[in-house]
Amino acid sequence: MTSRDARLFVGVTDSDWFRFLRSRPDLDEVNFWQPGGGTVFQALNVGEPFLFKLKFPVHRIVGCAFFAHATRLPVSIAWDAFGEKNGAATFEQMFDRIRRLRRTARVTVGDHIGCVILRDPCFFTEADWIEVPPSFSPQIVQGKGYSLREQEGAALWAAVQERLLRYGPRSQVAYRTDEAMYGEPVLVRQRLGQGTFRVKVIDLYARQCAVTAERALPVLEAAHIMPVSRGGQHRLDNGVLLRSDVHTLFDDGYVTVTPDYEFRVSEELRDKFDDGETYRPFQTRRIWVPVDADLRPSREMLEWHNAEVYQG
């Protein structure tokens, strides 16, 4: 991110979403979902601030987070990925809210919603709510972006920064303030939450299984090469998108991917279960990997899986 394009965005949300999430102070990520889901949010770069403003007549900014990713997802997948981080206690509650906002009774779990995934949310107490800039019209229903080089944007970001410094260390760990760059947020490191990891892997792999090319999204899962329980992290190079059955076999060591990205099937699958023929057509086939080499599965992680998990 450079000084010439740094921005913040003020997004309009309802009080139910805000109050529910404010009561959960230790969240590492939230899904600021949009019920229509027609277009993907494109107003910010990764790491730029996203401010929460309550719907009119409450003309105040009530919190802040940092942009991580934007996409469109079926309602069911958004719930599976983020759960209560969607700002609702249950899937039924979220589903009813989407139906109410769309003003239609016909909504299915497969309908898409817009997902603006945000990191390190901070929700202010009422005494710290901030007046919106004069240019923010009460008629704005979704939100408005501001340049941090312009007066309104710079003043708003300064007010938010002052609150972040008082509310706790989380944003200070993830971001620093460089006064020489007009107080713009500077990304120090990108930490992914579990939900963000899942959704970014889904999009990174173009929504298809890296082994089978299956595209039915409900059966696709973001697999960790090294599980978090064994020291792995929610990093894109520690992930690969797999069909659910392939994911299970991968976690159990009946299949693996070599450091050269070749799929392998263990003889143990046939010996123990008298089966496995479904997967043998993929034997030694090179999996699909992202174009960006930095985002491909880590060869080090794959070597670990081959040595420590695979039953070959």
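The values are calculated or read from the model by the stated rules, or taken from the named source; none is laboratory data. All of these numbers come straight from a predicted model, not from anything done at the bench. Don't worry about glycine lacking a Cβ; one is built from the backbone with ideal geometry, like all the others, and counts go over all protein chains shown.
For the range 121-148, a residue qualifies if it is assigned to a loop (DSSP other than H, G, I, E, B) and either surrounded by 20 or more Cβ atoms within 10 Å (Cβ to Cβ) or not hydroxyl-bearing (Ser, Thr, Tyr) (or both), and the qualifying residues are Phe124, Trp129, Val132, Pro133, Pro134, Phe136, Pro138, Gln139, Ile140, Val141, Gln142, Leu148.
When the range 279-298 is examined, which residues are found to be more than 20 Å from Ile202 (Cα to Cα), assigned to a loop (DSSP other than H, G, I, E, B) and either in contact (Cβ under 8 Å) with a residue 24 or more places away in the chain or not assigned by TED's automatic domain parsing to the domain that holds Ser244 (or both)? Passing the criteria: Tyr279, Arg285. For the residues Met226, Met301, the requirement of being part of a loop (DSSP other than H, G, I, E, B) and either surrounded by 15 or more Cβ atoms within 10 Å (Cβ to Cβ) or not assigned by TED's automatic domain parsing to the domain that holds Ala68 (or both) singles out Met226. Residues in the range 262-278 that are outside any helix (DSSP H, G or I) and surrounded by fewer than 16 Cβ atoms within 10 Å (Cβ to Cβ) were compared, and the one that is farthest from the chain's Cα centre (by Cα) is Asp274.
For the range 283-303, filtering for residues that are more than 15 Å from Met226 (Cα to Cα) and in contact with a strand residue (DSSP E or B) (Cβ under 6 Å, 6 or more places away or on another chain) leaves 5. Suppose the filter is assigned to a helix (DSSP H, G or I) and either farther than 24 Å from Val58 by Cβ or at pLDDT 95 or above (or both); does Leu118 pass it? Answer is no for this residue. Among residues of the range 95-108 that are surrounded by 15 or more Cβ atoms within 10 Å (Cβ to Cβ), those with a Cβ under 6 angstrom from a residue that is in a loop (DSSP other than H, G, I, E, B), sequence gap 6+ or separate chain, pair up as Ile98/Pro35; Ile98/Val107; Arg99/Val107; Leu101/Pro35; Arg102/Pro35.
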